[in-house]
């Protein structure tokens, strides 16, 4: 039985899906707006690390071009402060994660896809083009969360508690920030104002620091999202240095102000906001063809926990396995896919939403848990490991009783 | 962490759950209306075979008191007719199934439960008693589909397409029906009138035949459900013999009219109808205690495919494993249980509903499939095996394209 699969969007979800299908001899056509060279010259796309579970998939697909031995990082540092009781603690990943500028990563995997016999079609599609594609394909997978494509899939209100962003965002690749002795990711928490994640990231200019700056609305940090960089780069840099000095001193002290700024100027920085949303997993065209939502088209999360690309890769993997295993791409097919991807994807979403809420409102339970984390290395290590397995995050955070049981499991019995 | 589990209802679901939990040292209290002796003297409860997947669980629980080597049957016979083209064909199970009168089975397992340290409480409970139980238990499991308990759980309209029964039912244990040379279950299909399943069943009087007689509303067979046996047993027997002669001649020819009748008279026969329904999997009491629906309280199916007890046992097994694995019995706990039981339970429901519909309306696609089954032994064997794995039924029947692919997999390529 021939299987002709159409993928719209060449992000992590589309690329991992396409590459996996090619390994099983499935006919795949990948539609993408930009050629690899255009991707290389584009603005920074996102700043996300691939965790060990994703790196393992990349190895299996033969696209692990940036081995973690050289390009990876071993764990997280967590810093709460400034404030009356600033604390810092570490957690080790069970296996290294790795961050590569997507302007290197995506074009390289797109080329891998083409070299391995995948059909690449460059150009701009719109949802109106989908029905005419249906006659040529057995299944259409939409994995572009930008623009009107996502709107093909209705919002799932049960899992979409917010109708507006929770943070004003600024993210980018920054020069002039010295690496720490161990190249860890650092989560800076500035109570009442925001969070900032530092991610050592490989670019074509070597390793630089990605900053994901999550600013509470109403705090003075919000200016980092609201002040357009392009209008006055120098003023923006000065503003950023001031705010980092006040709110994230542990990062500021590693900055050389003369060198500080977005890599490649305006191409190195993005400003905006994300409304977290879970959408229906699929839609069915009039002719019966299933259009499946994957990655950002299915679920969009705030970048706080860096789950977007990792859960997209997981869902792509499950989908590829089900495409290989099954012969008919109908609602029953979708059920099998959904049953296998749902828990990880929803858990990543729920955990991200819950931590964003708690980091804003700082309830006592949560502060107590942060305190436990800071004092209990085994707990902090597992917390860090769960970035790979967000369903375990949710198992341990969905209810205060679960969190207490989690802490208790990491607390030696009194002798 | 102590776990105190309350089970309401000592059917297959409640017993398998309770026995499984006891093996893991979990504290269990089982509430049931009737003592084992009262159960032994009751009316026939249901007529259902346990398939190999269920027998395997019974072995693991140490309650396989009726080994299939002696008490089992190896497969199914399917008979379509009378009519212009009566056909008969067979399908072999991959491992034997077994049917035992529940008036032997349930009291014996109830005694096993008590002997192994389970707490048994006899008496009549009502849903109003549940909140007061909540303070004594960490989780309450309701597995009685009869009466007001099921109504604690709202109907799930997405999976409950019917608001009334599809068949007028009569079921019972009958003497005077000779066994076939091989003690198979026989599915009789009388197009336009009904279906009848013969199940060789062990009772305290030896092996007799259970008949599940599924009568289409409006056919003359409906009288078997509508005429109360107790009012005139002799007239009912004559009516039954006449109708079996006309509609199920392959059974009638093995009947000795002088011996024919329900075992134990009125205690051996039940008449009525089942509205198939899927209910919400749980409810949460005001104090936060979860009340979980299991077995008939969760899903009630028509007995056509004999899935009720088998899917109840599956769900009980999954639930027991999750109770052992998890520490907190909250909504997240329920999610894990539901994710593991849902596919089998819904697939059994959907397949039963779909086959009942098709057996009534006899669409051409379906008649073609029946024809294939009758000609293709390998297909008929797999069809028979799927009584153990209803999710495979649904994989192969959910869409006509799936059914065609199923038939094709069992059809040798032309040389």
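With all pairs of separate Cα atoms included, segment A:80-224 yields a Kirkwood hydrodynamic radius of 19.5 Å. Annotation: the residues B:406, A:66, sorted from fewest to most other C-beta atoms within 10 Å of their own C-beta, follow the order A:66, B:406. Comment: the Cα-to-Cβ extended label point of residue A:249, at 7 Å, lies 9.8 nm from its counterparts in the other copies, nearest first. Under conditions of 10 °C and 1.306 mPa s, chain A yields 72 µm² s⁻¹ as its translational diffusion coefficient, taking Rh as the Kirkwood radius over Cα pairs in the Stokes-Einstein equation.
As a ratio to 2.2 N^0.38 Å, the alpha-carbon radius of gyration computed for segment A:312-415 takes the value 1.37.
Each of A:187, B:122 was scored by other Cβ atoms within 10 Å of its Cβ. Listed from fewest to most, they are B:122, A:187. Our analysis of segment A:238-334 gives Rg over Rh at 1.21, with the two radii drawn from alpha carbon positions and Rh computed by the Kirkwood formula. Across every pair of non-identical alpha carbons in segment A:137-200, the mean reciprocal distance, once inverted, gives a Kirkwood radius of 16.3 Å. In whole angstrom, note down how far apart the Cα centers of segment B:214-239 and segment A:236-270 are. The two parts, judged by their Cα centres, are 86 Å apart. Each pair of Cα atoms in segment A:168-273 enters the Kirkwood radius, and Stokes-Einstein at 4 °C and 1.567 mPa s then converts it into a translational diffusion coefficient of 95 µm²/s.
Shielding by partners for peptide A:325-335, expressed as the average number of C-beta atoms from other protein chains within 10 Å of each residue's C-beta, is 5. Rounded to the nearest 10 degrees, what's the angle between the helix B:308-325 long axis and the longest principal axis of chain B, both from Cα atoms, 0 to 90? So the helix axis and the longest Cα principal axis differ by about 30 degrees.
Taking label points 7 Å from Cα along the Cα-to-Cβ direction, residue B:162 and residue B:38 give a separation of 3.1 nm.
Within 10 Å of the Cβ of each residue in B:317-323, the mean number of Cβ atoms contributed by other protein chains is 0. Remark: mean inter-chain Cβ contacts per residue of A:336-348 equal 1, using a 10 Å Cβ-Cβ cutoff to other protein chain atoms.
Tell me, in nm to one decimal, what length is gained between residue B:354 and residue B:223 on full extension, where the rule is 0.36 nm per residue of separation less the Cα-Cα distance?
Stretched fully, the residue B:354-residue B:223 segment lengthens by 44.7 nm.
Net length available on complete extension from residue B:94 to residue B:111 is 3.0 nm, with 0.36 nm assigned per residue and the Cα-Cα distance removed.
Only DSSP H runs of four or more residues enter the estimate; each adds -39500 (n - 2.57), and after division by the residues of chain B the mean residue ellipticity at 222 nm equals -11500 deg cm²/dmol. Considering only the Cα atoms of segment B:202-251, their convex hull presents on average a projected area of 4.3 nm².
Exposure proxy check: A:166, A:401 ranked by fewest other beta carbons within 10 Å?
Ordered by Cβ neighbours within 10 Å, fewest first: A:401, A:166.
For segment B:1-135, the spherically averaged projection of the C-alpha convex hull amounts to 11.6 nm². Counting 0.36 nm for each residue step from residue B:121 to residue B:285 and taking away their Cα separation leaves a gain of 56.8 nm. Both numbers refer to the Cα atoms of segment B:289-347; Rg and Dmax are 11.7, 38 Å. Annotation: the antiparallel percentage among DSSP beta bridges lying fully within chain A is about 65. Considering the protein assembly as shown, its Cα convex hull presents a mean projected area of 40.0 nm².
Per the Debye calculation on segment A:363-409 with a single equal scatterer at every Cα and no solvent contribution, log₁₀ I(q)/I(0) for q = 0.15 Å⁻¹ amounts to -0.33.
Given a Förster distance of 56 Å, report the FRET efficiency between residue B:239 and residue A:367 from their Cβ-Cβ distance, rounded to the nearest 0.05.
Result of the calculation: an efficiency of 0.15.
Under the convention of a label 7 Å out along Cα→Cβ, give the distances in nm from residue A:343 to the same position in every other copy, shortest first. Between copies, matching label points for residue A:343 lie 1.2 nm apart. With Cα atoms defining each centre, segment A:310-388 and segment B:122-166 are spaced 32 Å apart in the structure.
Every number in this text was worked out from the coordinates using simple rules, so none of it is lab data. Small disclaimer: the values here were computed from a predicted structure and weren't measured. A quick note on method: Cβ atoms are made from the backbone with ideal geometry, for glycine too, and the neighbour counts reach across all protein chains shown.
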